[in-house]
Structure formats: C-alpha cells, structure tokens
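Here is the structure we will look at, set down as structure tokens.
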Amino acid sequence: MTWATRFRIREYLRESLWVLPALGAVVGILAAAVLISIDSHVNVPSNWSYSPSTASTVLSAIVGAVAALTGFVVTVTVLVVQMASGSFSPRSMRLWYRDPVLKGSLALLVGTLAYSFSLLRRIESTFVPDLGVTLAGLLLVVGLVIFVLFLNRFVHLLRPVAVSALVAKSLRESLDNDIANTRNLGNVFAGPLEGMTESVSLIVRATRSGAVQAVDLGGIAAWAGRHECLVVMRHSVGEFIETGDALFEVYGDPGQTDSAERDLRGLVALGLERTIEQDPAFALRIMVDVASKALSPAINDPTTAVQALDYLGDSLRVIGQADLSPPSWHVGAAKHGVLIPVRRWEDFLALAITEIREFGSTSIQVLRRVRAVLEKLLQEVRPEHRDAVKAQIARLDATVAAGFADSIDLDWAGIADRQGMGGPERLVANAANATSGVSMVSR
C-alpha cells in the first residue's frame, strides 16, 4: 500500500460520518452480550431488579427516545451544513463533517440503540438483565446531555467569527508541521531550479486529475537519497493537476523507470479538493471567502468581514514571523534531494488582503481594519517581509483615494482602526482630522 493510499484512507475515515457510529453499534451489541452474561451470574439487590414487563417497557421507551434523538442530530447537522455553505463558504464544510463532537454523539446514540435493542430481545419470563436495563437508562441520560452539548456547540459554530477562529487554528497547526518537516530533512531545497547542466532523465506524469492534497516530503527525499537523484516537484500542494501533467522531474539515474514512476506517484495524494493539512494558504482562502461573501451586495455585512480580518491579521502575523523557505538549490549544492516550489510571503499577503480590499473599497470600516492589519504587520513581521507590506499599504492608499475621492469621509477612510469604526484609540485622531480636513491618504 502506497503512502498516498494510506493518506486517502486516513482522510476518508476522518471525514466519514458512518464509521464511528458503526463502531458504536458494534460496541453496543458486544456490551449487551457482556452485561447479559454478568447478569446471569450475579444476584442484584431487590431495588435494582425489574419485572419482565417493566424491563420491556423501559427498554422500548429507551429505544424510541434514542431513535428520535438520533434523528434530531441528523436533522440539525443537515441544517447546519446548508446554512454554513450558503452563508460562509462551501470550503468550510470540512469543519462540520470532521467535527469529533458530531461523530461522538452519533456513535453514542447508535451504540445505545443497538445495546438497548439487544437487551430487549433477551428478556424472558425467567430472565431479566437487571444491570443491563439500569445501564441503558444511564446511557439515555448521558445521550441527552451529549445532545444538548452538541446543539450548543453547533449553534455557536454558526457564527462567522467561530468559523474563522477554527480555520486560523488549523492554519497554525499546518504551518508548524510544514516548518518542522522541511527543517528536519537536510536535503530539501526551495525552487526555482537554476544552473542545472544535466538533462532530465525522467518525467513522472499524473495518471489522474485532482488537487494535490499532500505529499510525503520525507519519502521523496529518502527516495532521492537512495538513488542519488535530484527530484524536482513541479506543482505545490493545493494546485489542481490534470491527467498527464508533470508531477516530478528527475535528474540523475533513477534506475528502473516503471518502478521509479510508481514509487514517486505513490508519494503524492490527489483528491477532489484542497485540504488544510499541508496547505496553509487554503486556510487563508476560506477566511477570505467568508469575508468576500459578507461584502457581496446581496449580503452587505462589512462587520463580518472585519471579524474575519481579525483572524486573517493574526494568521498573517504568524506566517510573517516564520522562516518559510528551506535553503535554495544552487550550482554546487548536492545533486540528490528534492526541490519544492514554495509560496513566498508576498503570495500569502496578496491572497489575504487583495480581494477584501477590492470588494470592501466602498466600506469605511473594512478599509480602516485592513490598514490596521497592515500597519501592525509592518511592525511585527520579519524585516525582509516589510517591503511587501509597504507595497500593500500603497495599494490600499490608492483604493481609498479612488473610492472616496469625492467623499467628505476621505480622511476617515484613511485611518487605521482595529475595530473598523469606533475604536477608542482613534477617536482623538478622527476629531483632529475632521477639524483640519487633512487626508491621511495624502500624508
């Protein structure tokens, strides 16, 4: 089994809504068998014993209640997915069907249903599983509590700011993993490939289409080291690959061609859409989509865009303070290893800011919040990243000047405000500018 196949299986299990509930049903059936065996050898106190008719009534009521609760959970989940995909971004749906609370709730309820039904069919006039019936009642109470917690969690997750917070958390985890992986491997280089005098000995092409979800960078580097080859990746994680596109170029002697192609293809996982695991830019994409949809004329909710900018700014700060690139390959460097395309700081910054700046070009609070993000980044990112921030501030100045050229609010639109409008630290500046009529953009 290749690494890519194992990755796809892990992703399927993480995203599946039926695997954990099915395991819950199996556990429920096994637990019922164990409790029946214990009950047949243990004498319980009289206040814990049930008559056959009472036990049957109790278990029947539990089965009906748990079935109804399971239906409620499924209904709430469908409604949440519909609202989330319509109000936020379809890319955010992964947050819902990967949610452990949802899967845990379904597993507990389905397990309780299977457990109670297994006990119900074993009740006889001469035997009642007293301990099992009591445990079924306790499981019902636990299921009710879990259902309330599930409902509370999903109602709160319907807020755009909660979606942005979850995506930003995933971005930090993805970025930390990417940095750790590239730093722990000594023969990983950043592109582009310049000065190579050898010709390509092997081009590995994709046999199917799909988005690059993840790559086994360690596996590629190890393969390159064993064969003393330089492997050049032609597409980064997150890009869509068409059938026949070049995945790798190999410089050196890869050995048997068919075996080399099979090995290298097995280290790249393709899927229907991007994932955040090795693609921090996709997390930015989701947050930008949330803000962009809020700024559409049909919704016109700039405050939601400002809230998304809160987490976009924090994510950009984390990216801007990190050393993103492994060493560059150059003539004279080792000719065995892997050369990967790397996103620059400018790419992340443009992705996070450009569309929001354009779509929010007529919203004072959006422009003020964008300026506050950029000014804070200018102070906190690595020195080599600050020129890109200054360039974005210049573009923001031009957007403000064009959008508010004939507006009395031109001076207000050019002020940084971390709340968008009404930030207390900007009240004095606003009053001074309104009195003097001097534009912050012109200054």
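The values are calculated or read from the model by the stated rules, or taken from the named source; none is laboratory data. Here the structure is a predicted model, which means the values were calculated and not measured. So basically every Cβ, Gly included, is an ideal-geometry build from the backbone, and we count neighbours across all protein chains shown. Side chains included, ligands, DNA and RNA excluded: accessible areas come from the protein's heavy atoms. Shrake-Rupley method; radii C 1.70, N 1.55, O 1.52, S 1.80 Å.
Quick one: Debye curve from the C-alpha atoms of the chain, no solvent, what's log10 I(q)/I(0) at q = 0.11, 0.12, 0.13 Å⁻¹?
Result of the Debye calculation: -0.96, -1.03, -1.11.
Based on the mean of other Cβ atoms within 10 Å per residue, sort peptides 222-233, 166-177, 252-263 so the most packed one is first. Kindly include the intermediate steps, with their values, before the conclusion.
Values: 222-233: 20.3, 166-177: 18.4, 252-263: 14.5.
With the highest mean Cβ count within 10 Å placed first, the list reads 222-233, 166-177, 252-263.
Just the C-alpha atoms of segment 259-375: what Rg/Rh do they give, with Rh taken as the Kirkwood radius?
On the way: Rg = 18.5 Å, Rh = 16.6 Å.
A ratio of 1.11.
Rounded to the nearest 5, what % of DSSP beta bridges with both residues in the chain are antiparallel? Let's see the in-between values first.
Numbers: 15 of 22 bridges.
If we restrict to bridges inside the chain, about 70 percent are antiparallel.
May I have the pair-distance distribution P(r) for segment 121-205, computed from all Cα-Cα distances with 10 Å bins from 0 and rounded to whole percent?
Going from the shortest bin to the longest, the percentages are 11, 17, 16, 15, 15, 13, 8, 4, 1.
Calculate, axis by axis, the spread of Cα positions in segment 44-191 along the three principal axes, and write the results as whole Å, longest axis first.
Cα extents, longest axis first: 77, 40, 22 Å.
Might you report the magnitude of the Cβ-based charge dipole of the chain about its Cα centre, with Lys and Arg at +1 and Asp and Glu at -1, to the nearest 20 debye? Can you show the working numbers first?
On the way: 40 positive and 43 negative charges, 139 e Å.
It comes to approximately 660 debye.
Which entries in the list K103/K293; K103/K169; K169/K293 go over 25 Å, if you measure between the two C-alpha atoms of each?
On the way: K103/K293 29 Å; K103/K169 20 Å; K169/K293 21 Å.
Going by Cα-Cα distance, K103/K293 fall outside the 25 Å limit.
With the other protein chains left in place, how much accessible area per residue, in square angstrom, belongs to the chain at a 1.4 angstrom probe?
Values: 20970 Å² over 443 residues.
Ligands and nucleic acids excluded, the result is 47 Å² per residue.
Can you tell me the Rg and the Dmax, both Å, for the Cα atoms in segment 1-119?
Considering segment 1-119 through its Cα atoms, Rg and Dmax are 19.1, 59 Å.
Per DSSP H run of at least 4 residues, take -39500 (n - 2.57); add these up for the chain, divide by its residues and hand me the 222 nm value, nearest 500 deg cm²/dmol.
-20000 deg cm²/dmol
Arrange the peptides 207-213, 104-110, 267-273 so that the one whose residues have, on average, the most other Cβ atoms within 10 Å appears first. Mind dumping the intermediate values first?
On the way: 207-213: 16.6, 104-110: 23.9, 267-273: 19.1.
For the peptides 207-213, 104-110, 267-273, the packing ranking is 104-110, 267-273, 207-213.
If DNA, RNA and ligands are ignored and the probe is 1.4 Å, what is the ranking of I9, I408 by accessible area, most exposed first?
Working: I9 75, I408 150 Å².
Sorted descending by solvent-accessible area, the residues read I408, I9.
Of G255, W48, A394, which is farthest on the positive side of the dipole of the chain, counting Cα position, with +1 on Lys and Arg Cβ, -1 on Asp and Glu Cβ, and the Cα centre as origin?
Going by the charge dipole, the pick is W48.
Report in % the part of the accessible area of segment 224-269 that belongs to carbon and sulfur, leaving out ligands and nucleic acids; probe 1.4 Å. Please report the intermediate quantities before stating the final value.
Numbers: 810 of 2070 Å².
Its accessible area is 39 percent carbon and sulfur atoms.
Treat each spin label as a single point 7 Å out from the Cα along the C-beta direction, and report the T126 to A162 distance in nm.
Modelled inter-label distance: 5.5 nm.
With angles folded into 0 to 90 degrees, how steeply does helix 280-294 sit against the dominant principal axis of the chain? Use alpha carbons for both and round to 10.
90
What nm distance separates the two modelled labels at A394 and A22, each placed 7 Å from Cα along Cα→Cβ?
5.8
Of the peptides 150-162, 275-287, 371-383, how do they stack up when ordered by the mean number of other Cβ atoms within 10 Å, highest first?
Values: 150-162: 15.9, 275-287: 23.8, 371-383: 17.7.
Highest to lowest by the protection proxy: 275-287, 371-383, 150-162.
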